[in-house]
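Working notes for the structure below.
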Amino acid sequence: MNRKFLDEVYKLKNSDETIGFYKDWSNSYDQELYLNGYITPLRCAKALETVNASKDEKIMDIGCGTGLSGEAFKKLGFNNIDGSDFSNEMLQIAKSKKIYSNLILSSHKNPLNFNKGVYSNSAAVGVFSPLHAMPDMVSRILKVAKIGGFFVFSLNDHALENPGYKRAITDLVDNRNAEVVFEEYGDHLPKIKLNALIFVLKRLR
């Protein structure tokens, strides 16, 4: 593995460049993140477990990539998971792991191109950044979960530099659309000293 994609991923400038980048990264993605101690999927799965989300009810894992997040959910006993991603190459790797019941190819223009009325919970692990999902997507992905369900997601240090993400959460809480039931700052990619804030929102209406 010669190319260090982690050195480049936060420098991408547009969605077309991003799609090509993840196509090139797909074959070495799991290995590079593993070598850098990628812990966020397990932290998100543990957060969902902490709030007592049912392990049998359906989860939509948005931006599932190669399935690292699905593997973490499965490891803790969540056994009814669908996934979506804009990278067909990464979805093929996720498919080979036999974690997901269904996998859906999405696009930047239509990131939520699936039936939103069937998921008790939603997840966006390592997804939020200006090139992947802007702050307005917090409320949109929350609504993938049913009322009373949970939305677990991460905001790494790069995303936290944009105040729009936390503002989106505050707006949801202030308008009584959601309740923050879990919040924890900690490791994301410890080998490169990058941290992340994990949230679980409960959808109220």
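The values are calculated or read from the model by the stated rules, or taken from the named source; none is laboratory data. Remember, it's a predicted structure, so these values are computed and weren't measured experimentally. Note: ideal-geometry Cβ built from the backbone for every residue, glycine included; neighbour counts use all protein chains shown. Heads up: the accessible areas ignore ligands, DNA and RNA and are worked out on the full protein's heavy atoms, side chains in. Shrake-Rupley method; radii C 1.70, N 1.55, O 1.52, S 1.80 Å.
Please name which of THR170, VAL138, PHE150 has its Cα lying farthest along the dipole of the stretch 134-174 towards the positive end, using unit charges on Cβ (Lys, Arg +1; Asp, Glu -1) and the Cα centre as origin.
Highest projection toward the positive end goes to PHE150.
If I take the Cα coordinates of the stretch 106-205 and project them onto the principal axes, what are the three extents in Å, biggest first?
Cα spread of the stretch 106-205 along its principal axes, largest to smallest: 39, 29, 20 Å.
Apply the a/c threshold of 1.5 to the C-alpha gyration tensor of the stretch 27-72 and tell me whether it is rounded, prolate or oblate.
oblate
Suppose a student asked you for the relative contact order of the chain, using Cα pairs under 8 Å spaced at least 6 residues apart; what percent would you report?
Here the relative contact order equals 21 percent.
How large, in percent, is the carbon and sulfur part of the accessible surface of the chain at a probe radius of 1.4 Å?
47
Compute the Cα gyration tensor for the chain, then decide on rounded, prolate or oblate, letting a ≥ b ≥ c be the square roots of its eigenvalues: rounded whenever a/c is under 1.5, prolate when a/b is larger than b/c in the other cases, and oblate in all that remain.
Rounded.
Given a cut-off of 32 Å, name the pairs among LYS95/LYS191; LYS46/LYS97; LYS4/LYS116; LYS58/LYS109; LYS97/LYS191 whose C-alpha atoms lie farther apart than that in the structure shown.
As for pairs spanning more than 32 Å Cα to Cα, those are LYS4/LYS116.
Binned at 5 Å from 0, what are the whole-percent values of the Cα-Cα distance distribution for the stretch 42-160, short to long?
Going out from 0 Å in 5 Å bins, the stretch 42-160 shows 2, 12, 24, 26, 22, 11, 2 percent.
So what's the back-of-envelope 222 nm ellipticity for the chain, counting only DSSP H runs of four-plus at -39500 (n - 2.57) apiece and dividing by all residues, rounded to 500?
So the calculated ellipticity at 222 nm is -9000 deg cm²/dmol.
Is the shape of the stretch 95-151 best called rounded, prolate or oblate, per the rule: a/c under 1.5 gives rounded, else a/b larger than b/c gives prolate, else oblate, with a ≥ b ≥ c the square roots of the Cα gyration tensor eigenvalues?
Since a/c reaches 1.5 but b/c is at least a/b, the shape of the stretch 95-151 is classed as oblate.
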